[in-house]
1. Tell me which residues, restricted to the range A:198-255, are closer than 27 Å to A:GLN180 by Cβ and among the β-branched types (Val, Ile, Thr).
2. Give just the number: which of (1) modelled with pLDDT under 85; (2) assigned to a loop (DSSP other than H, G, I, E, B); (3) surrounded by 11 or more Cβ atoms within 10 Å (Cβ to Cβ) does A:TRP15 not satisfy?
3. List, please: which pairs have Cβ atoms under 6 Å, are six or more places apart or on different chains, and start with a residue in the range B:159-182 that is away from every other protein chain (no Cβ under 12 Å) and end with one that is polar (S, T, N, Q)?
4. Scan B:LEU82, B:LEU103 and give me the residue that is surrounded by fewer than 20 Cβ atoms within 10 Å (Cβ to Cβ) and either away from every other protein chain (no Cβ under 14 Å) or in contact (Cβ under 8 Å) with a residue 24 or more places away in the chain (or both).
5. Against the conditions (1) farther than 26 Å from A:VAL196 by Cα; (2) aromatic (Phe, Trp, Tyr); (3) touching a residue at least 12 places away in the same chain (Cβ under 8 Å), where does A:TRP33 fall short? Just the number, please.
6. Within the set of pairs 6+ apart or on separate chains, which have a first residue in the range C:90-117 that is more than 7 Å from chain A (Cβ to nearest Cβ) and of a type in the set (D, E, K, R), a second that is surrounded by fewer than 19 Cβ atoms within 10 Å (Cβ to Cβ) and outside any loop (DSSP other than H, G, I, E, B), and C-beta atoms under 6 Å apart?
7. From the list A:VAL195, A:VAL140, A:VAL170, A:VAL144, exactly one residue is part of a helix (DSSP H, G or I), modelled with pLDDT under 90, under 20 Å from the mean Cα position of the chain (by Cα) and aliphatic (A, V, I, L, M). Which is it?
Amino acid sequence: MNSLAEPRKWEKYFWPVLASALFLALWHYSVIWSATKVFPSPLAVEKGMAQLAGKGLLWSYIADSLRRVALGFGAAVLVGVPVGLTLGWYPTANQIVNPVLQILRPISPIAWIPVAIILFGIGDTTAVFLIFLAAFFPIVVASVDGVSNVPSMFRRAARNFGLSPLQLLVKVVFPAALPQIIIGLRIALGIAWLVVVAAEMIAVDSGLGYLVIDARNSGKRYDLVVAAMLLIGVIGLVLDLCFRRLRNFKSVRWGFRNES
Amino acid sequence: MQLSLNSFLPLSLRVRLRPIAFIAALLIAWQIAVSRSPVHILPGPSEVVGGIVDLIRHGLLLKYIVASLFRVTWGFLLAACLAIPIGLHVGWHRRAEMALNPLIQIFRPISPLAWIPIAILWLGVGDLSSIFLIFLGCFFPLLLTAINAVQNVPAVHANVARNFGLSPAAVVYRVLYPAVVPQLIVGLRITLGVAWLVVVAAEMIAVNSGLGFLIVDARNAGNRYDLVVAGMVIIGLIGLLLDLGMRSLERVKSLRWSYSED
Amino acid sequence: MAASANKLPETDAPIKLSADHVGMVFQRDGKTTQVLRDVNLQVAPGEFVCILGPSGCGKSTLLSTMAGFLSPSSGEVKIDGELVTGPSPRRIFVFQERGVFPWLTVEGNIAFGLFKLSRLERDRRIAYYVKLVGLEGFEKAYPSELSGGMKQRLEVARALAVNPDMLFLDEPFGALDSITRLTMRRELLRIWEAERNTIIFVTHDIDEAVQLADRVAVMSDRPATIQQIVTIDIPHPRDLSSPRYLELRNGIFDQLGLAHKV
C-alpha cells in the first residue's frame, strides 16, 4: 500500500542520487564546521580507500573475510538443514531437542570467543567456528518451521499417491519447505557477515574487522576505519543481493509471491 | 471428566520430562568429556554451577545482569521509537523510499561492532557507547521491517477506508497503523535478539561491566573458565526469557491475525 | 421412504463403495461435536454420485472418511468389499486447485504418482493426460503461470494419470468463476465418459449436482446424515431448461427448505 501513483521513470534515479548527495554534503560540512581533527571527511575516506587498494593488503583482507564466511556458513548449511528437516519431520524429536536449541541460540556467538580460542587457538578455525555457530541456529529454526508449515494438503496428496516416507520427505516436504529455508539462509548469511567482522576484531589478525580495529589502534587512522566500514557495508549488500537471486529460480519462486 | 484428566496426567508428565532427560544426558556427556580430557581448562557443569553461586555470593551476577539489560533497554527503545515512525512514513511515501533505499542498504550490513572505534571516539568508553551500538544494531532492521510492513498492507484496506469517507490522516491512524502491528511485533522480537547479541559483544570491548565484560574479564584475569561458561549460560537464559516475553506479545488476540493465510 | 431411498435402484447390482452407519465425533477443547450420524450410502462401479449439502455440514468429513484419510468413529466404509483403512493410489482425492505442487511443472505434477513406471510409459501417460485435459503447450509451465481452471484440470490430470478406479472430488470447482465452472463441468463429464471411473463429488451447488450426477445424496445440517437420494434420470448431455431438469432441481430446493424466489 502506497500513498501516491506510479512515479515517473526519471525519478527512479533522481531521488536516490539526490539523497546520497545530500548525505555526503551533510557529512562533509559537519566535518568542516565542527573543525574535527580526528573524524574524516568523505574525501579523506576516498583517499584512504585508494591508499589501501594500492597496497594490495585490501584484497587479501577481503579474501580472508569472505573465505571465513564461506567456510563457516557452508558448514552451517550442510549440518543445519538436515538437522532442521529431521526435527521438523519428527515432532517428538523436536519436542526433546528444542529446549536445548532455545537456550544455546540466544548466546551471542561472540561470547563463545574464549571457549573457541581454547578449543581451536587463535586463528582461522576460531573465526570459522564462530560464524558456524552464528549461522547454525537461524538455519535450523527456519528449516524446522519450513517443514511444520508445509500445508497438510500437500502431505495428504502425497500419501494418496502411495509414497514411502523417504519419498515424501524428498519429493514433497523438502521442496515445499525450500522457500522458507532460503529466507532463513539469507538471514543467517546476514548474521554471519555481522559476526565475521566482530570475530576478526578480537580473535585474528587479518580481514576487514581486523582492518577496522587495527587502523584505530595503530595511529588513529579514522579515514581507514570509515573506509573499511563502507567496504563491509558494500560487500554485505552484494552478498545479500546474490542471495536474493536464488529466489528467481522457478521451482522456489512460488514461495515469494508476497514479497517485493 | 475428572477421571479422564487423571488418566491423562502421567502421559503429559512423561512427555514433559523427556526434554529434561535430554538436557541431563547432555550435561552428563559434558562432565565425562571434561574429566576425560588431559588438559583441565574447560569446566564441567558442576564447576559452572559453582561459578554461578560464586557470582551470586559476590553480588556481581545481579549487578551485571542489570547493567546489560539497562543498555539493551535503552538502545532498543531508542531504535524502536525512531525507526518505526520513520519507517512507516518512508514506506508510505514512495519517493522517500526510493531516495533512502540505497543508503539504508549500505548501512544495514555494516556490523554494529565495526562502529566501535567511532562510538568510542564520539561517546567515550562507557554506557553511551554500548547503547549507541545496540541502537545501530536495532535501527536498520526495524526500519526495513516498518517499510515492508506498510507496503504489505493490501490496497483494499485503504480503499475501504476512503470509501467510508475517512480523511487521509484518519486512513493512516485507523487503518494503516493497526494493519502493520502484527508484522512490527515479529520484527521487534527478531531485533531484540540482535540487540542481545550486540550488547554482549559491545561489553567485551567497550565497557567494564555487564555479562559480556564478565566473560572477557573472567578469562583475562586468571583464566576462570568456570565463570566464562557461567556467563554464557546466563546470557542464553536471559536471551530465552526476552524471546519468550516478545512471543507472548504475539499471542495477544487482537494482534494475532496476519496475511500469511491467503 | 428414507430407508428405501438409501438403496441402489437395482438391488443385485455390484457395489463399488458402501458406507454403513458411518458416524463421526470430533473432540476439540474438551467439547464434543457430532459431525456425521448414521450415514448410509452405496455406490455402483462407474457411477457419478454427488453429495450435496450446506457449507460446514460435514460433507468433506464424509469424503475424507471414504478416501481413508479419517477413520469413522462408528460404522465402516468398504470399497470392493474391503474395509478402508487408509488412502491408496487406487482412489485419488482431488482438492480444489490448491493441491497441485507449486514447485513442479505441469509435467512434473502429472508424473508425481507415476514413480513406479518406466520412463517410456511415464512419458506416454503424461502426453496422453496433458492432451485429455487440454493443457498442450503448457507442459513446462509452473502452476503460478496457470489460471485457476487450468490448475484444476492439472490436478484432475494428475489424479487420472495413476489410473485410479475412484475419484473423490471435494468442491473442486468452488474457487472458479461461474463461466469457467460450467466449462469445467462439461470437461469433467467428457473425461468421465472416456474413463468411466467411479466419482464421488462433494458440492454445495444444487445446479452443479443436478447437472453432473447419476444420483444426488442430499445431506442434512449437523449432525449430518443423508436425508434423501435423488436419482437424476436425464441422459447426458442434459438440457438445463427441460421440464424434468427443473422438476428435479426444484425438488431438491424443497428438500433443503429453500424458497424458489429471490
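The values are calculated or read from the model by the stated rules, or taken from the named source; none is laboratory data. As the structure is a computational prediction, the values presented were derived from the model and not from experiment. When we count neighbours, we look across all protein chains shown, and the Cβ atoms used for this are built from the backbone with ideal geometry, even at glycine.
1. Within the range A:198-255, A:ILE235, A:VAL238, A:VAL252 meet the criteria.
2. So the condition that A:TRP15 fails would be (2).
3. Going by the 6 Å Cβ cut-off, the qualifying pairs are B:PRO182/B:SER258.
4. B:LEU82
5. It is condition (3) that A:TRP33 fails.
6. Every condition considered, the pairs that remain are C:GLU97/C:GLY148.
7. Exactly one residue qualifies, and that residue is A:VAL195.
Residues checked against (1) at pLDDT 85 or above; (2) facing chain B (nearest Cβ under 10 Å):
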| position | (1), (2) |
| --- | --- |
| A:ALA5 | no, yes |
| A:SER20 | yes, yes |
| A:LEU26 | yes, no |
| A:LEU43 | yes, no |
| A:GLY54 | no, no |
| A:LEU71 | yes, no |
